[in-house]
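The values are calculated or read from the model by the stated rules, or taken from the named source; none is laboratory data. Owing to the predicted nature of the structure, the values given are computational and were not obtained by experimental measurement. Reconstructed Cβ throughout: ideal geometry from the backbone, glycine too, with neighbour counts over all protein chains shown.
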Amino acid sequence: MQTRYTSSARKGRLSLSINQDLLDRFEPYKQHVNFSAQAEQMLVRMLEELENRTWVERNSKALVAHGMDIAATGLAGAEFDRI
């Protein structure tokens with residue numbers, strides 16, 4: 001699944017508490033890193049993972065049934081040796 005969002009949409013605010021040691025290590029690089037863009041990309045990846053997991057949970061019965069059908073009847077096209 002592809003998480004789609006409008007990158008040009010209005011930006012919202014999010015307050016984070018970050019480990020101070022980590023922030024101190026980032027200090028020399030803060031001019032080279034766009035933290036907002038990096039956080040946005042991380043949130044997109046997290047959202048994709050959560051949405052994929054939800055999809056699998058919602059469709060698990062159908063996926064199991066499909067697997068059982070394949071186990072019982074074989075893959076479509078197997079008789080033509082095209083798999």
Quiz item: of a type in the set (Phe, Trp, Tyr) and assigned to a loop (DSSP other than H, G, I, E, B) - does that describe any residue in the range 2-16?
Solution: yes
Quiz item: Name the residues in the range 7-55 that are surrounded by 10 or more Cβ atoms within 10 Å (Cβ to Cβ) and among the β-branched types (Val, Ile, Thr), would you?
Solution: Val33, Val44, Thr54
Quiz item: Taking the range 38-83 only, how many residues are hydroxyl-bearing (Ser, Thr, Tyr), farther than 30 Å from Thr6 by Cβ and at pLDDT 95 or above?
Solution: 1
Quiz item: Which residue, of Asn52, Asn59, Asn19, is in contact (Cβ under 8 Å) with a residue 40 or more places away in the chain and among the polar types (S, T, N, Q)?
Solution: Asn52
Quiz prompt | Arg4, sole failed condition from (1) within 30 Å of Leu63 (Cα to Cα); (2) surrounded by 10 or more Cβ atoms within 10 Å (Cβ to Cβ) | solution = (2)
